[in-house]
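Laboratory data are not the source of any read-out in this text; all were calculated from the coordinates shown. The structure presented is a predicted model; accordingly, all values stated were derived computationally and were not measured. Ideal geometry is used to build each Cβ from the backbone, glycine not excepted, and the neighbour counts take in all protein chains shown.
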Amino acid sequence: MTATTTGAATPGGPTGPTGPAGPVSANEGRSSGAAFPRLLAMEWTKFRSVRSTVWSLLAFVVLALGLAALITALTVNSWDKADPDQKASWLRDPTGNILGSGFFLGQLAICVLGVMVITSEYSTGMIRASLLAVPRRTPMLAAKSVVFAVVTFVVTEIVSFGAFFIAAPILHSKVQVSLGDKGVLRALVGAGLYLTMLGLFAMAIGALIRHTAGAITGVIGFVLVLAPLAQLLPGSVGKHIHAYLPTEAGHLVAQSAPGPKDLLSAWQGYGVFALWTALLLVAAEWMLKRRDA
Amino acid sequence: MLSEGAAVIEVHDLSKRYGDKVAVDHLTFAVEPGHITGFLGPNGAGKSTTMRLILGLDRPQSGTATIDGVPYADLREPLRKVGALLEARAVHTGRSAYNHLWCLAQSQGLPRKRVDEALALVGLTEVARKRAGGFSLGMGQRLGIAAALLGDPQVLILDEPVNGLDPEGVLWIRNLMKSLAAAGKTIFVSSHLMSEMAQTADHLVVIGRGQLIADESVDAFIARSSERSVLVRTPQPAQLAKELERAAVPAQSDGSGEGEGAVTVATADDGALIVRGMEAAEIGEKAAAARVVLHELTPQRASLEEAFMELTRGSVEYHVGTDQHADGVPVQAQGTPPAAATDQTSESEVAE
């Protein structure tokens with residue numbers, strides 16, 4: 001395991017700490033024009049070199065694909081006994097139901113990963129090393145967001161299409177759906193967009209709260225419990241509050257056809273979610289700059 | 001390159017509060033290149049906070065801290081200029097030592113070669129691919145030092161670097177710091193252990209309760225507080241104390257240590273007197289004039305440790321219960337002498 005890097009083990013020797021610097025231009029004054037790409041490289045190394053990243057993404061893939069297949073199969077099996085509302089929903093929006101089956105729990109792994117990307121720096125003290133290397137906190141948070149968002153987007157898009165191509169054939173005997181149907185492609189791409197935004201949303205909350213357990217509890221409690229519960233709010237005001245909550249608005253983009261009670265269109269909903277996330281990220285950045293590390 | 005004598009780290013009127021607690025209180029000092037500057041103070045004196053303020057991790061309420069005239073946060077490639085080892089660990093426990101250093105190197109545009117060199121320098125090459133969470137305290141400290149040296153910086157800020165190191169590691173750190181200082185680097189190293197500083201530092205910045213107590217060479221520091229302390233044994237202690245008091249120029253002893261002319265007389269547990277502010281010869285003459293019998297008259301030489309205790313008395317954040325009467329004992333008061341003096345007393349007893 002260690003063999004790969006030990007090639008140049010003793011060039012400096014223990015006596016001359018200044019020796020190793022020789023050919024390396026470790027002097028200042030070099031152009032730092034490539035500053036942001038460097039930060040991206042740094043954040044990418046950080047991201048890929050801890051186990052929580054791999055485990056969270058693996059959990060997401062297994063949960064999302066497995067549950068999409070399982071719940072679709074169960075739905076098909078009990079199709080004749082299912083209540084009419086449920087059938088109507090699958091008939092209206094088969095893609096959204098397939099994705100929802102897998103992502104309802106799968107999205108928690110993305111939330112956990114989003115939170116951990118920043119809170120693990122605080123819990124381990126790594127944040128101090130990071131800020132010593134990159135004292136400007138806004139670019140650091142930006143680089144972290146970009147790396148996390150790109151990776152999450154790639155993984156969730158693959159899983160989104162994967163879930164569709166696994167579950168659609170299972171569903172075939174009851175509901176026919178293909179990639180070319182209206183809204184399907186948008187929903188599949190939208191699912192990845194939704195989960196990526198959700199990850200950033202969780203990351204912003206992680207940056208604000210700075211404690212892993214607290215931030216994870218907060219995000220998951222909101223996404224799974226509070227936001228859906230808002231449906232029960234009475235009257236038109238309650239309906240609007242629910243419609244504009246971040247995740248409730250955001251997940252509309254992962255539906256191929258709007259539901260009967262949806263107030264916002266798919267992209268309007270995503271815009272609302274993006275706005276919430278942007279606000280939280282700005283707040284996180286503001287706090288990061290002001291708080292002691 | 002920097003011209004000789006130009007201050008590298010400059011702290012000006014720096015203050016930091018956490019809630020009601022003042023951690024750093026209008027601190028001003030400068031650290032110069034080419035030697036090791038010890039940053040000394042009791043636990044809780046504000047050393048780590050000061051270093052964190054210099055490094056831009058915390059925001060001061062007032063004042064400035066600069067490195068070559070620039071605040072840390074404005075340095076473009078800070079690790080190439082300043083290497084820092086913080087007291088608290090700053091490593092993700094799940095990441096390997098190699099990847100830890102590599103991500104830091106990437107942020108500064110340093111090549112992979114520097115990572116290998118830094119690992120070799122601190123002797124962690126063998127465990128480079130192991131998770132840092134499994135490292136012992138000493139190995140963790142070495143990894144922190146590798147990170148500090150990664151960019152071959154001109155300035156090193158080390159917070160309690162010998163903590164957790166075995167004797168071999170301590171020696172290694174000392175030699176490392178000395179060779180770096182000899183190479184013209186600026187070394188600012190904190191410790192609460194005077195003895196450690198005595199071995200390494202050339203210059204001292206001493207703080208207590210966030211305030212500057214001393215900023216001078218190690219030699220001057222020792223000389224300042226070891227002068228004019230004399231152990232006196234006499235069967236007539238009360239009479240002698242009175243004589244010495246009368247002889248002394250009246251001075252306001254406000255507990256901040258003895259100024260010129262202030263004489264303090266303290267009584268050790270075994271009845272011996274500890275006289276400060278008067279030479280042994282003078283005490284002998286006064287005693288003779290007053291016809292007081294002397295059994296012993298011994299000038300005391302304080303070690304660096306004692307000098308430190310002496311100067312930081314009254315600024316120690318957490319007093320041990322028995323220590324509370326130790327503050328500057330005014331003339332002829334019957335207080336307990338400071339711990340250091342008691343030690344000396346028992347030593348001289350053994351010597352007798």
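Return the loop-located trypsin sites (Lys or Arg not before Pro) in the stretch A:112-194 (DSSP other than H, G, I, E, B) with at most 11 other Cβ atoms within 10 Å of their own Cβ; answer none if there are none. Could you put the intermediate results ahead of the total?
Working: sites: A:Arg128, A:Arg136, A:Arg137, A:Lys144, A:Lys174, A:Lys182, A:Arg186; in loops: A:Arg136, A:Lys174, A:Lys182.
Counting only loop positions with at most 11 other Cβ atoms within 10 Å, the trypsin sites (Lys or Arg not before Pro) in the stretch A:112-194 are A:Lys182.
Summing Cβ point charges (Lys, Arg +1; Asp, Glu -1) relative to the Cα centre of the stretch A:146-293 gives a dipole of roughly 140 debye. The calculated 222 nm mean residue ellipticity attributable to helices in chain A amounts to -23000 deg cm²/dmol, summing -39500 (n - 2.57) over DSSP H runs of n ≥ 4 and dividing by all residues.
Residues with beta-carbon under 15 Å from that of A:Ala167, excluding A:Ala167: net charge, scoring Lys, Arg +1 and Asp, Glu -1? Write out the running numbers ahead of the final one.
Details: positive: A:Lys174; negative: A:Asp93, A:Asp181.
Value of the local net charge: -1.
Rounded to the nearest 0.05, what FRET efficiency do B:Lys113 and A:Thr217 have when you use their Cβ-Cβ distance and R0 = 35 Å?
On the way: r = 44 Å, r/R0 = 1.26.
The formula returns an efficiency of 0.20 here.
Quick one: putting +1 on the C-beta of Lys and Arg, -1 on the C-beta of Asp and Glu, what dipole do you get for the stretch A:98-228 around its Cα centre, in Debye to the nearest 20? Intermediate results must be reported in sequence, preceding the final value.
Working: 8 positive and 3 negative charges, 56 e Å.
For the stretch A:98-228, the charge dipole is close to 260 debye.
Shown here for the stretch A:152-215: chymotrypsin sites (Phe, Trp or Tyr not before Pro) in loop regions (DSSP other than H, G, I, E, B) with at most 15 other Cβ atoms within 10 Å, of which there are none.
Each peptide among A:35-48, A:95-108 gets the average number of other Cβ atoms lying within 10 Å of its residues, and from highest to lowest they stand as A:95-108, A:35-48.
Order these peptides, B:238-247, A:77-86, by their mean beta-carbon neighbour count within 10 angstrom, highest first. Provide the component values of the computation, followed by the final result.
Values: B:238-247: 17.5, A:77-86: 10.3.
Result, highest mean Cβ count within 10 Å first: B:238-247, A:77-86.
Spin-label model, B:Ser15/B:Leu171: points 7 Å from Cα along the beta carbon direction are separated by 4.7 nm.
Along the axis of the charge dipole computed for chain A (Cβ charges of +1 for Lys and Arg, -1 for Asp and Glu, origin at the Cα centre), the listed residues A:Met116, A:Phe36, A:Ala266 are led at the positive end by A:Phe36. Extension gain for the segment A:Leu58 to A:Ile166, taken as residue separation times 0.36 nm less the Cα-Cα distance, is 37.1 nm to one decimal. Other residues lying with their Cβ under 15 Å from the Cβ of B:Arg174 contribute a combined charge of -2, Lys and Arg counting +1, Asp and Glu -1. Between the beta carbons of B:Ser62 and A:Ala283, assuming R0 = 22 Å, the FRET efficiency works out to 0.25 to the nearest 0.05. Cα centroids of the stretch A:212-255 and the stretch B:100-152: 44 Å apart. Could you work out the local net charge near B:Arg131, counting Lys and Arg as +1, Asp and Glu as -1, over the other residues with Cβ closer than 10 Å to its Cβ? It works out to a net charge of +4.
Given 0.36 nm per residue, what is the gain on full extension from B:Leu212 to B:Asp270 after removing their alpha carbon distance, in nm? Before the final figure, lay out the partial values.
Details: separation 58, 0.36 × 58 = 20.88 nm, distance 3.49 nm.
Gain on extension, B:Leu212 to B:Asp270, equals 17.4 nm.
Run the simple label-point estimate for B:Ala223 and A:Arg290 please: 7 Å along Cα→C-beta, distance reported in nm. If labels sit at B:Ala223 and A:Arg290, their model points lie 5.1 nm apart.
Using a 10 Å cut-off around each Cβ, can you sort B:Glu117, B:Glu196 from fewest to most neighbouring Cβ atoms?
Values: B:Glu117 28, B:Glu196 22.
Least crowded to most crowded, the residues run B:Glu196, B:Glu117.
With R₀ set to 30 Å, the beta-carbon distance separating A:Leu179 from A:Lys261 gives a calculated FRET efficiency near 0.65.
Subtracting the Cα-Cα distance of B:Val70 and B:Leu193 from 0.36 nm times their residue separation leaves 41.2 nm of extension gain.
Screening chain A for whole DSSP H helices with an alpha carbon extent of at least 24 angstrom along the helix axis and a mean Kyte-Doolittle hydropathy of at least 1.6 yields A:51-77, A:137-171, A:184-209.
Once you order the gyration tensor axes a ≥ b ≥ c over the Cα atoms, which shape class does the stretch A:159-264 get: rounded for a/c under 1.5, otherwise prolate or oblate by comparing a/b with b/c? Since a/c reaches 1.5 but b/c is at least a/b, the shape of the stretch A:159-264 is classed as oblate.
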